[in-house]
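Below is one structure; the comments refer to it alone.
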Amino acid sequence: MKIQSHQEELFSTSYTHQETSKEAAESLRTYAKSLALKTLHYIQSQGSYGATCWDIEKNCRMRHQTASARIRDLVKQGRIRDSGMRRETESGRRAIVWLASYT
């Protein structure tokens with residue numbers, strides 16, 4: 001049963017590198033915030049024309065997963081909103097046009 005004991009150690013939730021895990025998490029939070037601000041500033045710069053996720057990817061040089069995650073964060077914060085408009089992307093698909101929410 002030595003193998004089973006070793007496997008339990010490997011998958012134990014009590015075994016963590018707390019210091020490095022916390023540092024990594026903080027680094028990601030800071031980076032995500034800066035990308036969210038970059039995304040917001042780009043959308044704001046487009047005024048009533050707005051921006052699609054594809055526009056953000058192209059103009060802010062982000063991967064799709066990064067841009068869509070930052071859009072989601074900004075929507076949840078109420079900082080941007082779906083304009084109700086749709087615009088064709090380079091691939092020919094229709095995409096939501098995002099606008100800054102001014103309150």
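The values are calculated or read from the model by the stated rules, or taken from the named source; none is laboratory data. Just so it is clear, the structure is predicted and the values come from calculations on it, not from any experiment. Every residue, glycine as well, gets a Cβ built from its backbone with ideal geometry; the counts of neighbours run over all protein chains shown.
Quick look at the values:
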item	result
When residues of region 47-95 are limited to those that are of a type in the set (A, V, I, L, M) and surrounded by fewer than 19 Cβ atoms within 10 Å (Cβ to Cβ), the one farthest from Lys33 (Cα to Cα)	Met85
Entirely in region 8-90, the helices (runs of 4 or more DSSP H) that have 1 or more residues that are at pLDDT below 95, farther than 20 Å from Tyr102 by Cα and out of contact with any helix residue (DSSP H, G or I) (no Cβ under 6 Å at 6 or more places or on another chain)	18-45
